[in-house]
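In what follows, a single structure is set out as structure tokens and then discussed.
The values are calculated or read from the model by the stated rules, or taken from the named source; none is laboratory data. From a predicted model like this one, the values you see are computed outputs, not experimental measurements. When we count neighbours, we look across all protein chains shown, and the Cβ atoms used for this are built from the backbone with ideal geometry, even at glycine. Surface accessibility is based on the protein's heavy atoms, side chains included, excluding ligands, DNA and RNA. Shrake-Rupley method; radii C 1.70, N 1.55, O 1.52, S 1.80 Å.
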Amino acid sequence: MSNFKILSTGLVAIALSLATGCTPTTPHDDNISEAPVAVPVQGTESPSPTVSPTASSTPSAQNNLSSLDRQFMTEAAQGGLAEVELGKLASQRGASDAVKQYGQRMVQDHTLVNDQLKQLATQKGVTLPTSLNSKNKQVQQSLSKLSGAKFDRQYLNHMLQDHEKDVSLFQTEAEQGQDPDVKAFAAQTLPILQEHHQQVRSLVNPGSTTSTPTPTSTPTTTP
């Protein structure tokens, strides 16, 4: 009997040791699973927002046009629209062939200049006017009510005043413009406007030295 008790107590001790030996392994595995916390992943995401502001600042660099250049482009576009619309009116309602031919030249020359200005405006991110302002609409309406010699006189006087302003506007931009592309456009267009001015002066004052046929050949040379 004493041997049986010794064996039974030995088996109990082995069973206890096995039970206690299994328990420490399970919490050890829990600690290993908790170790890879996802903290370093958050650290890698933080620098990404700094990239987005630089991308948004690049398109704004295209809009670094000075107020003088922007104003010039807007006024030039508005003047060009008026020259085309009034030129159409002159080619239809003009009494003399000289006025009709001058109106046709205004339509041809200023349509080309307006197209060049539109291309330049898209490059510079400038929105140009697409219709006549109130002042030019009033001129168009008043001229549309006239006919014969009265129309010719009013139209030519308006063209004389208008081209004096145009020459001054383009000359100022060609000399004082800040953007090289806008400045080059003004310098390239200025000779055409000066010819328009000289031609309308010769029509208003027939004693003027400039003759009408000479300017008509020049616009074709300047695309």
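Restricting the trypsin sites (Lys or Arg not before Pro) of the range 118-208 to loop positions (DSSP other than H, G, I, E, B) with no more than 12 neighbouring Cβ atoms within 10 Å leaves Lys145. A probe of 1.4 angstrom, applied to the heavy atoms of all protein chains, finds Asp166 with accessible area near 20 square angstrom.
Using a Cα-Cα cut-off of under 24 Å, which lysines could be cross-linked to Lys183, ignoring same-chain neighbours fewer than 8 residues away? Cross-link targets: Lys118, Lys124, Lys165.
Partner lysines whose Cα lies under 20 Å from the Cα of Lys88, excluding those fewer than 8 positions away in the same chain, are identified as Lys100, Lys135, Lys137, Lys145, Lys150. First select every other residue whose beta carbon is under 13 angstrom from the beta carbon of Met106; then total the charges, Lys and Arg +1, Asp and Glu -1. In short, -3.
Rg and Dmax, both from the Cα atoms of the range 75-214 and both in Å, are 15.1, 46.
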